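Chemist: Structure provided below as structure tokens; questions to follow.
The values are calculated or read from the model by the stated rules, or taken from the named source; none is laboratory data. Given the structure is predicted, the values throughout are model-derived calculations rather than measurements. Here the Cβ positions follow ideal geometry from the backbone for every residue, glycine too, while neighbour counts run over all protein chains shown. To get the accessible areas, we keep the full protein, side chains included, count just its heavy atoms, and leave off ligands, DNA and RNA. Shrake-Rupley method; radii C 1.70, N 1.55, O 1.52, S 1.80 Å.
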Amino acid sequence: MSRSAPLLLNPISAISGTVNVPGSKSLSNRALLLAAVAKGETHLTNLLDSEDIRHMLKALTQLGVEYRLSDDKTECWVQGLGQGFSVDTVQTLFLGNAGTAMRPLCAVLATSNGEFELTGEPRMEERPIGALVDALRQAGAEISYLKNDGYPPLKMKGRALKGGKISVEGTVSSQFLTALLMAAPLFESDSDIHIVGELVSKPYIDITLNTMAQFGITVENNNYQSFTVKGNQQYQAAGDFLVEGDASSASYFLAAGAIKGGTVRVTGVGKKSIQGDIRFADVLEKMGAKITWGDDYIDVTGAPLTAIDMDMNHIPDAAMTIATTALFAEGTTSIRNIYNWRVKETDRLAAMACELRKVGADVIEGHDYITITPPKQLIQTDIDTYDDHRVAMCFSLVALSDTPVTINDPDCTAKTFPDYFTRLKQISG
Ligand SMILES: O=C(O)C1=C[C@@H](OP(=O)(O)O)[C@@H](O)[C@H](O)C1
Ligand SMILES: C=C(OP(=O)(O)O)C(=O)O
């Protein structure tokens, strides 16, 4: 689904300066949903203004939530309902390709009052949700599949859910557990949630628990193997909720600084961030870059980079940025334990392998890993972006070589970072 003209990026001769990153997608959508069901008014600042967030906001409007946005849409005052949603007529919610809207809304609506249909873009219909539906059904939820078993679109009739002992599959997406955790305080009784298999993308669960805590709910985390949540609780408005800058969005600028040599300061995220993707900076450091941490910024100074071989399950989104940073590192880089790249905006393992080969890299695409050996000279080509914002942003880094690159459908960055290319220009010499 191409929506914008190709963008030619000419070689960028130098990178330096300061760039601010917009608010975190993960935090924006979590905080909006919890603010909507909390008692009282929450004032969100530094909210992300992007497609994924607009899907959540539109859904909240349809669900009868009152909120006010500032002109630049980065501030939002939400009047919380003090309980789950309640609607009189069937609401069909179109959630685009936003996993952070589809999964948590599915769980909270399962324990709300009314009938709902959850739909999305064609790719959303290929992104699994069966593990979450199975878990919610154990608590008594009434959910059915409108097309293919295990995938959106969904039809659901909200009702009081009982909680109790619930098992959820952990090996495909942490968003299923995030969704259950967010809904569990609204269940009638306490929940004992058990993870089946090794939980992926664990740091996102920390984001969930931290956000819930800001809305007054604590959860017992038993080493990411089980979680205990008290039922029949009410979320309390967070008062002022500051959304941190997006650590995954920061990765492209940090990588640019590491590759090109100058010093780049990325503001909006720092050492106190609760987002797992800030650990991307540690990976760059291991590859040879110099990193300095501030409370609200990260500085990176470039140096010759060397390849790395690492399990990156804890940073699945930022790990994609390592795949193109590898084009500038001496040796063969291996990114491991990333099977779930295959069930995100596109099959990211296949897409990254294909586009990396087009610029001349020697690539092995495994079932759950990728290895990348850079060519001596990058090849000029057109990068297909598969309606995946991260493919577009990752391959902009090719312009840090002496080879131009064309990014097809650059506006696909609108999912999480609408003005990405403008901000990249800010630090380009
Ligand atoms: O919970 C979240 O905010 C997210 C969790 C991750 O997904 P998985 O848990 O499916 O890996 C990540 O890739 C996604 O961009 C955001
Ligand atoms: C996987 C991603 O998105 P989603 O929140 O839709 O899962 C992503 O932003 O890289």
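Chemist: Can you send over the solvent-accessible area of Trp293, 1.4 Å probe, protein chains only, in Å² to the nearest 10?
Modeler: Approximately 60 Å² of Trp293 is accessible to the 1.4 Å probe.
Chemist: Give the peptides 42-50, 302-310 in descending order of average Cβ contacts within 10 Å, highest first. All intermediate terms of the calculation are to be shown ahead of the outcome.
Modeler: Details: 42-50: 21.8, 302-310: 17.1.
In descending order of packing, they fall as 42-50, 302-310.
Chemist: Describe numerically, in nm with one decimal, the distance between label points set 7 Å from Cα along Cα→Cβ at Gln426 and at Val87.
Modeler: 3.6
Chemist: So for the pair Lys157, Glu75, with labels modelled 7 Å out along Cα→Cβ, what separation do we get in nm?
Modeler: Inter-label distance under the simple model: 4.5 nm.
Chemist: May I pose another question? Which cross-chain or sequence-distant (5 or more) residues have an amide H under 5 Å from the amide H of Ser167, H modelled 1.01 Å from N in plane?
Modeler: His194
Chemist: Further, regarding this structure: Which residues make up the longest stretch of the chain clear of GluC sites (Glu not before Pro) that lie in a DSSP loop with no more than 16 other Cβ atoms within 10 Å, not counting the sites? Present the calculation step by step, with values, prior to reporting the outcome.
Modeler: On the way: sites that count: Glu188, Glu198.
The longest uninterrupted stretch comes out as 199-429.
Chemist: May I ask you to give the percent of accessible area on the range 25-223 that is carbon plus sulfur, with a probe radius of 1.4 Å?
Modeler: 44
Chemist: So what does Asp299 come to for accessible area, using a 1.4 Å probe and Å² rounded to 10?
Modeler: 20
Chemist: Find how much the distance from Arg54 to Arg3 grows on full extension, using 0.36 nm per residue of separation minus their present alpha carbon separation; answer in nm with one decimal.
Modeler: Working: separation 51, 0.36 × 51 = 18.36 nm, distance 1.78 nm.
Additional length available on full extension: 16.6 nm.
Chemist: Counting only residues 5 or more places away or on other chains, whose amide H sits under 5 Å from the amide H of Lys162 once H atoms are built in the peptide plane?
Modeler: Counting only residues 5 or more places away or on other chains, the set is Glu188.
Chemist: In nanometres, what is the gap between the two model label sites at Asp296 and Glu142, each 7 Å from Cα along Cα-to-Cβ?
Modeler: Those two pseudo-labels are separated by 4.9 nm.
Chemist: Compute a Gaussian network model of the chain, connecting alpha carbons closer than 10 Å, and tell me which residue from Pro153, Pro128, Pro11 fluctuates the most.
Modeler: Ranking Pro153, Pro128, Pro11 by mean-square fluctuation puts Pro11 first.
Chemist: To the nearest Å, what is the center-to-center distance of the range 245-259 and the range 64-102, using C-alpha atoms only?
Modeler: Here the two parts' Cα centres lie 30 Å apart.
Chemist: Still on this structure: What area, in nm² and to one decimal, does the C-alpha convex hull of the range 294-418 cast on average over all directions? Kindly include the intermediate steps, with their values, before the conclusion.
Modeler: On the way: hull surface 31.6 nm².
Hull-based average projected area comes out at 7.9 nm².
Chemist: Continuing with the same structure: Okay, helix-only estimate at 222 nm for the chain: each DSSP H run of n ≥ 4 adds -39500 (n - 2.57), divide by all residues, round to 500 deg cm²/dmol; what do you get? It would help to have the intermediate numbers written out before the result.
Modeler: On the way: 12 runs with 121 residues, N = 429.
Theoretical 222 nm ellipticity from helices: -8500 deg cm²/dmol.
Chemist: Continuing with this model, one more query. Given Cα pairs under 8 Å that are at least 6 residues apart, what percent is the relative contact order of the chain? List each step's numbers first, then the result.
Modeler: Details: 1086 pairs, mean separation 81.2, N = 429.
Relative contact order comes out at 19 percent.
Chemist: Same structure again: Hey, how many Å between the Cα centroid of the range 323-346 and the Cα centroid of the range 1-56?
Modeler: Between the Cα centre of the range 323-346 and that of the range 1-56, the gap is 23 Å.
Chemist: So, one more: Can you list, largest first and rounded to whole Å, the semi-axes you get for the range 219-263 by taking the square root of 5 times each eigenvalue of its Cα gyration tensor?
Modeler: Values: eigenvalues 293, 66, 7 Å².
Ellipsoid half-lengths, sorted descending, are 38, 18, 6 Å.
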